[in-house]
Amino acid sequence: MTQIADLARQITDRTDIDYDAALTLATTYAVQCGYTDLPEGGQAPYAEVSAEDAEFILEAAGVAAEIEPPTLLDEIADAAAAIKTASARRDEAIRKAITNGVAVSKIAEAAELSRERVYQIRDRRR
């Protein structure tokens, strides 16, 4: 018999997903294998499954990890692009403010940055 917690650790190692997500996934697959005393969509780390079911759960989790949820990944990519665009706009506004003689301390306060970071942006460092 194999504990669900052990399966979750193996799933995490094999698929690079979060342990808590792997624990929920392993518990859900165990319920689908007929372990009806477990909370589907919940977590039962100390529950045990047969070796055959453990193998099935590991295989199913591997397949599930290959299927990327495009809406979540698209949302992450969109947010990353928005951050990049916003950072570029902020940096350009900082350079313009410096050129127009605005005090660096006021720029730093408005941008919620240190004075040192404002100078780095001015000099296009990092």
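For segment 17-27, which positions are within 18 Å of MET1 (Cα to Cα) and small (Gly, Ala, Ser)?
ALA26, the sole residue that qualifies.
Looking only at segment 16-32, filter to residues that are touching a residue at least 12 places away in the same chain (Cβ under 8 Å) and in contact with a helix residue (DSSP H, G or I) (Cβ under 7 Å, 6 or more places away or on another chain); which one of those is surrounded by the most Cβ atoms within 10 Å (Cβ to Cβ)?
Filtering segment 16-32 for residues that are touching a residue at least 12 places away in the same chain (Cβ under 8 Å) and in contact with a helix residue (DSSP H, G or I) (Cβ under 7 Å, 6 or more places away or on another chain), the one surrounded by the most Cβ atoms within 10 Å (Cβ to Cβ) comes out as ALA26.
Given (1) of a type outside the set (Lys, Arg); (2) assigned to a helix (DSSP H, G or I); (3) farther than 18 Å from THR2 by Cβ, where does ALA30 come up short, assuming only one miss?
(3)
Failed condition for ALA44, given (1) outside the structural domain of ILE11 (by TED's automatic domain parsing); (2) outside any helix (DSSP H, G or I); (3) surrounded by 13 or more Cβ atoms within 10 Å (Cβ to Cβ), with all others met?
Status for ALA44: all satisfied but (1).
Would you tally the residues in segment 111-126 being without any contact (Cβ under 8 Å) to a residue 12 or more places away in the chain, not in a loop (DSSP other than H, G, I, E, B) and not basic (Lys, Arg)?
2
Of the numbered conditions (1) surrounded by 13 or more Cβ atoms within 10 Å (Cβ to Cβ); (2) in the same structural domain as ARG9 (by TED's automatic domain parsing); (3) modelled with pLDDT of 90 or more, VAL102 fails exactly one; give the number of that condition.
With respect to (1) surrounded by 13 or more Cβ atoms within 10 Å (Cβ to Cβ); (2) in the same structural domain as ARG9 (by TED's automatic domain parsing); (3) modelled with pLDDT of 90 or more, VAL102 is out only on (2).
I'm checking my understanding of the structure. Among residues of segment 57-95 that are of a type in the set (D, E, K, R), surrounded by 11 or more Cβ atoms within 10 Å (Cβ to Cβ) and modelled with pLDDT of 90 or more, which one is nearest to ASP123 (Cα to Cα)?
My answer is ARG95.
Against the condition of a type outside the set (Asp, Glu) and either assigned by TED's automatic domain parsing to the domain that holds ASP6 or in contact with a Lys or Arg (Cβ under 7 Å, 6 or more places away or on another chain) (or both), how does GLY62 come out, does it pass?
Working: of a type outside the set (Asp, Glu): yes; either assigned by TED's automatic domain parsing to the domain that holds ASP6 or in contact with a Lys or Arg (Cβ under 7 Å, 6 or more places away or on another chain) (or both): yes.
Taking the combined requirement at face value, the residue satisfies it.
Tell me, which residue of segment 3-15 that is among the charged types (D, E, K, R) and within 21 Å of the chain's Cα centre (by Cα) is surrounded by the fewest Cβ atoms within 10 Å (Cβ to Cβ)? Spell out the reasoning first.
Restricting attention to segment 3-15, the residues satisfying the condition of being among the charged types (D, E, K, R) are 6, 9, 13-14.
When the remaining residues are screened for being within 21 Å of the chain's Cα centre (by Cα), the result is 9, 13-14.
On the way: ARG9: 16, ASP13: 11, ARG14: 13.
It comes out as ASP13.
Output the number of residues of segment 47-71 satisfying the condition of being in a loop (DSSP other than H, G, I, E, B) and under 15 Å from GLN10 (Cα atoms). Quick ask: steps written out before the conclusion?
Kept after step one, since they are in a loop (DSSP other than H, G, I, E, B), are these residues of segment 47-71: 47, 50, 67-69.
Right, trim to under 15 Å from GLN10 (Cα atoms) and you get none.
Residues meeting the conditions: 0.
The values are calculated or read from the model by the stated rules, or taken from the named source; none is laboratory data. The structure displayed is predicted, hence computed values, not measured ones. Note that we place each Cβ from the backbone using ideal geometry, even for glycine, and neighbour counts take in every protein chain shown.
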